[in-house]
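Presented below is the structure to which this report refers.
Computed from the coordinates by the stated procedures, all read-outs in this text should not be read as laboratory data. Just so it is clear, the model here is predicted, and its values are computed rather than measured. All Cβ positions, even for glycine, are placed from backbone atoms using ideal geometry, and neighbour counts span all protein chains on display.
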RNA sequence: CGGGGUGUAGCGCAGCCUGGUAGCGCGCCUCGUUCGGGACGAGGAGGUCGAAGGUUCGAAUCCUUUCACCCCGACCA
């Protein structure tokens with residue numbers, strides 16, 4: 001290919017609306033162009049990279065025994081209604097009618113369609129297992145698309161679905177896909193972590209995400225400094241703390257705490273560690289069909305609520321904030337909500353002094369407790385009365401209440417695997433694999449006839465890769481202040497042969513010769529034969545980020561050319577004869 | 001969806017406050033000179049000033065409405 005014939009509109013200035021390096025360099029390098037919010041055109045260079053990424057994904061999946069198919073992008077709404085997601089998916093699902101008034105949606109994911117396909121053609125256990133995938137366009141009408149290809153509305157995704165006769169076989173395939181994904185991302189030169197993940201609205205039992213480590217990542221992941229443990233913060237767990245702060249000592253009693261409502265103020269007021277305070281987080285849990293209720297989540301004052309865990313725990317689709325007015329209407333006292341009420345012990349009435357017993361909370365609202373409060377004693381909590389807190393509360397009285405893991409792991413918490421320290425890091429989600437089970441096959445009635453002659457729903461797994469997002473993720477990890485630095489495996493071209501001055505016949509001929517030799521060696525090469533000045537072409541090489549440049553210029557008179565590696569910009573001299581070989585070595 | 005911001009030539013911007021009929025840099029076209037780090041000179045093409053309505057003799061500029069895009073947050077199989 002000749003640079004002069006290719007449409008590569010590089011830009012000297014960054015588009016004003018781009019903030020991430022990947023976005024800036026993809027636009028400046030002439031890879032992509034924004035058409036509308038979250039929708040991009042791929043120009044020749046971008047398309048080449050996209051195809052290379054796509055090819056790697058396809059090669060590895062095919063090697064793992066998967067079969068590529070392609071499903072319709074426009075899908076009948078009927079299928080979505082059948083699975084119950086037509087309503088549930090919400091505003092992200094772009095709905096529209098055709099000329100006859102039939103309802104359709106633009107596919108944001110294809111569980112429904114793929115299950116339908118499997119149900120139609122897979123009838124027997126003899127056809128199982130099967131793993132079908134596609135690399136296709138998706139559309140999600142995101143509330144807030146951003147960061148170029150990182151979070152688009154229209155994007156390319158590889159989505160795969162496996163069908164099995166039993167759970168065991170699905171788990172085996174899940175493991176195979178994890179291995180396959182590791183190979184795929186390694187081939188792209190990515191530094192990534194496989195993390196335990198929340199299953200989200202798609203449901204399912206086991207789920208892992210593939211996170212490319214990058215500061216600009218939108219996901220926070222928890223990693224252990226001592227072992228391999230890594231998890232999305234939405235799913236991260238920690239070991240129980242064994243070094244706890246010294247407990248305050250007090251008998252159960254009501255304490256006047258005028259205006260003291262925040263955990264911070266309470267800790268100061270009582271001079272106790274927040275570990276001994278009971279924090280209440282009130283949320284409105286929203287369920288299918290818009291049903292909702294107020295739920296109170298109780299945890300230690302030293303912890304924060306992890307909303308995804310909390311929502312999963314009550315089976316809600318989402319948790320919304322609750323206003324103080326709503327709390328008051330529900331009979332609660334904002335700022336002084338506690339899990340128990342206090343009442344005078346009637347038997348103790350006659351005795352001197354004040355003796356109380358804690359009882360269940362005086363309200364009929366769903367409550368959930370974090371595991372760390374199980375059997376906690378010497379706690380301080382709201383008294384459900386304005387300006388009062390209870391001290392010396394023993395939560396053992398809550399034995400039959402519902403406990404669950406609700407807390408967000410903090411930096412410095414202890415690892416469950418090895419006891420090491422947990423830390424935060426940022427990641428870009430480029431892959432996600434789920435053990436789905438029968439979540440879709442059941443409602444969509446996708447069944448097969450098993451060995452024993454019984455009809456059973458498929459046991460499924462589902463596996464996704466954000467193909468277009470990968471372009472952004474790769475640049476986030478491979479760039480410098482001059483531009484992108486593509487790994488050879490996905491570079492738009494592996495080597496660019498820069499002719500210093502095309503009006504110099506000798507230079508042009510030498511450049512063409514090296515270019516031809518590279519091509520015959522199977523190297524994906526580009527000849528920069530544009531009638532531009534030397535510096536201009538070098539800037540483009542650095543901006544676009546071809547892994548290697550062969551510069552044919554001034555020193556050609558001595559039979560020498562220059563070979564520059566993009567990563568680090570190290571230069572080496574080579575004779576005209578050995579240039580192609582050396583360049584091929586660098587990108588090989 | 002809440003908060004903030006921006007829309008003027010392909011890109012980046014000035015002009016707006018204080019209304020008088022649109023300008024700069026880059027890019028693009030032609031010619032010439034240059035030719036190892038985004039060259040120089042001369043000439044040129046290109047804009048319903050996001051859209052609609054209003055005020056005014058006159059609106060890029062003032063007022064109203066609306067749309068698009070970006071950022072922070074909420075949300076995100």
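Quick notes on this one:
- Segment residue A:569..residue A:36, full-extension length gain: 188.3 nm, with 0.36 nm per residue of separation and the alpha-carbon distance subtracted.
- At R0 = 22 Å, FRET efficiency that the Cβ-Cβ distance of residue A:171 and residue A:62 yields, to 0.05: 0.50
- From most to least packed by mean Cβ count within 10 Å, the peptides A:170-178, A:9-17 give A:170-178, A:9-17.
- Cα-based values for chain A, radius of gyration first and Dmax second, are 30.4, 113 Å.
- Most to least packed among A:362-369, A:325-332, A:229-236 [average Cβ atoms within 10 Å]: A:229-236, A:362-369, A:325-332
- Spin-label pair residue A:249/residue A:321, simplified geometry with 7 Å Cα→Cβ offset, distance in nm: 4.3 nm
- Between the stretch A:210-261 and the stretch A:71-137, the alpha-carbon center distance in angstrom: 40 Å
- Computed from Cα positions, the angle between helix A:167-187 and the longest principal axis of chain A comes to roughly 50 degrees.
- Rg in Å to one decimal, and Dmax rounded to a whole Å, for the stretch A:253-404 via C-alpha atoms: 15.6, 55
- Span from the the stretch A:520-588 Cα centroid across to the the stretch A:355-393 one, whole angstrom: 72 Å
- Panel values: the stretch A:371-513, Kirkwood radius from alpha carbon pairs, Stokes-Einstein at 10 °C and 1.306 mPa s, translational diffusion coefficient 67 µm²/s.
- Beta bridge orientation in the stretch A:493-587: antiparallel %, DSSP, nearest 5: 50 percent
- FRET E, pair residue A:554, residue A:578, Förster distance 22 Å, beta-carbon r, rounded to 0.05: 0.75
- Between 0 and 90°, nearest 10: helix A:467-477 axis offset from chain A longest Cα axis: 90 degrees
- Computed FRET value (nearest 0.05) for residue A:387 with residue A:364, which takes r as the C-beta separation and R₀ as 22 Å: 0.40
- Calculated on the Cα set of the stretch A:173-279, radius of gyration then Dmax: 21.4, 64 Å.
- Additional length obtainable on full extension of the chain from residue A:374 to residue A:357, 0.36 nm per residue less Cα span: 4.3 nm
- The stretch A:485-581 - Debye-derived log10 I(q)/I(0), Cα point model, q = 0.11, 0.16 Å⁻¹: -0.26, -0.57
- Building the convex hull from the alpha-carbon atoms of the stretch A:366-416 and averaging its projection over directions returns 5.1 nm².
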